[in-house]
1. Test of understanding: in a Gaussian network model of chain A with alpha carbons linked when under 10 Å, which of A:Ala45, A:Ala164, A:Ala83 would top the mean-square fluctuation ranking?
2. Return the lysines within reach of A:Lys173: Cα separation strictly under 18 angstrom, same-chain partners fewer than 8 residues apart disregarded; answer none if there are no such residues.
3. Per residue of A:21-27, how many C-beta atoms from partner chains lie within 10 Å of its own C-beta, taken as a mean?
4. Using a Gaussian network model on chain B with a 10 Å cutoff between Cα atoms, which of B:Ala56, B:Ala15, B:Ala48 fluctuates the most?
5. Name the aspartates and glutamates eligible as straight-distance cross-link partners of A:Lys158: C-alpha to C-alpha under 19 Å, and not fewer than 8 places from it in the same chain.
6. Counting other C-beta atoms within 10 Å, which of B:Glu4, A:Glu48, B:Glu37 has the fewest, and how do the rest follow?
7. Roughly how big is the protein assembly as shown's charge dipole about its Cα centre, with Cβ charges of +1 (Lys, Arg) and -1 (Asp, Glu), in debye to the nearest 20?
8. Given only helices, namely DSSP H runs of n ≥ 4 each adding -39500 (n - 2.57), what is the per-residue ellipticity at 222 nm of the protein assembly as shown, to the nearest 500 deg cm²/dmol?
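Values in this text are rule-based calculations from the coordinates and carry no lab data. This is a predicted model, so every value here is computed, not measured. All Cβ positions, glycine included, derive from the backbone under ideal geometry; neighbour counts span all protein chains shown.
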Amino acid sequence: MPVLEQEHGLLQQFASGDLVAFERLFREHQAEVYRWTVRIVRDPAIAEDLTIETFFRIYRAHARFDPQKSFGAWARRIATNAALDHLKSRRREVEFTDEFAVAISSDAAVQRDLREKTQRAFEKLPAKLRVAATLALIEEQPYADIADALGISVGAVKVRVFRATRQLRKELKRLGVEP
Amino acid sequence: MNSEEEKIRSLLSQALPPTQNELARDLWPQMLRRMDERAPTVPWFDWALIALLIAAIAVSPHSIPLLLYHL
């Protein structure tokens, strides 16, 4: 049987709720889902948990999957949503203080201070803007891929990146950093 | 990418270190555990039977010994 037909058969079996088909798809796609997730959350342990969460959501939604479409793209979109949910819940937990107690006395300390302030400014971004900025500016992923994963247009991704940049610049200025 | 985005990108790259991009282990065993963790669901007709039983006891308490006898 040709490879494409085998793949289509596997996707059809998965869509009908076959656990063996799900296991095969899990093993084929877990590394890719993890790679995408870790780019967003930037923590390997959390990315592993979110990979499990992503596939759990995928398994629950098997009946809604269209075997004619790409499983990888569908999984990536679900992974992006899981990562977004994580960032939203984490943002509520994190308490920020605006004062920095560390005295600046050397170049290394200045660099460290700059990194900390940038991290703080970045953590303050709304989750949606943060994901767009992470994928576009840090990971340098193609805008089309980001748009596909977020389920929005390329134009909307550009707007989010623009808004993220503007908010970061504003926050960094407030913290005494002139980007 | 404009110059403002470029400056922010440079700052972010310095502030946010690269992460381990490769999955170090197979997550399937964890996936199976996660699927087993789901709380067992009680079918709706079981709830209906329990409700019926409670209603029967409330309406005629003298039927309790009879119910206990049949358990």
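1. Result: A:Ala45 has the largest fluctuation of those listed.
2. Straight-line reach from A:Lys173, under 18 Å: A:Lys117, A:Lys124, B:Lys7.
3. Values: counts 0, 2, 3, 0, 0, 5, 4.
So the per-residue partner count for this stretch is 2.
4. The residue that fluctuates most here is B:Ala15.
5. Cα-Cα hits under 19 Å: A:Glu139, A:Glu140, A:Asp145, A:Asp148, B:Glu4, B:Glu5, B:Glu6.
6. On the way: B:Glu4 14, A:Glu48 19, B:Glu37 8.
Ranked by crowding around the Cβ, least crowded first: B:Glu37, B:Glu4, A:Glu48.
7. The calculation lands at about 840 debye.
8. Helices in the protein assembly as shown give a 222 nm mean residue ellipticity of -22500 deg cm²/dmol.
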